[in-house]
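**Student:** The structure's right below; bear with me while I get my questions together.
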Amino acid sequence: MDTIKKNKNGKLSVSNKRVSVPPPQGFHWMEENGRYFLMEGEYTSHPNAIEEAKFKTAVHGKSGKEK
């Protein structure tokens with residue numbers, strides 16, 4: 001079950017569903033303190049480098065149900 005979290009004062013409903021996002025060509029993802037950053041250069045294994053970033057999904061509206 002995907003739980004929905006209401007964003008206070010916002011118009012998004014955030015679920016626990018996650019999607020993996022590859023970086024654009026010529027870049028790679030870096031993760032630091034739970035945040036993702038794009039760094040120039042193709043992916044090679046080094047500290048904090050990751051192949052794909054994982055993001056939670058969100059929908060507009062109060063119901064939190066996808067349209």
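**Student:** Ranking request for peptides 33-46, 12-25: highest mean number of other beta-carbon atoms within 10 Å first, then the rest in descending order. It would help to have the intermediate numbers written out before the result.
**Tutor:** Values: 33-46: 9.6, 12-25: 12.9.
Going by the mean number of other Cβ atoms within 10 Å, highest first, we get 12-25, 33-46.
**Student:** Which stretch or stretches of the stretch 38-58 have amide N atoms under 13 Å from the point lying 7 Å from V19's Cα along the Cα→Cβ direction?
**Tutor:** The answer is 53-58, whose backbone nitrogens lie closer than 13 Å to the label point.
**Student:** Can you give the convex hull volume of the alpha carbon atoms of the stretch 13-56 per residue, in Å³?
**Tutor:** Numbers: hull volume 3.4 nm³, N = 44.
Measuring per residue, one finds 76 Å³ for the Cα hull of the stretch 13-56.
Taken together, the values in this text are just the output of simple stated rules run on the coordinates, not laboratory data. These figures come from a predicted structure and were not determined experimentally. Because the Cβ atoms are built from the backbone with ideal geometry, glycine has one as well, and the counts that use them run over all protein chains shown.
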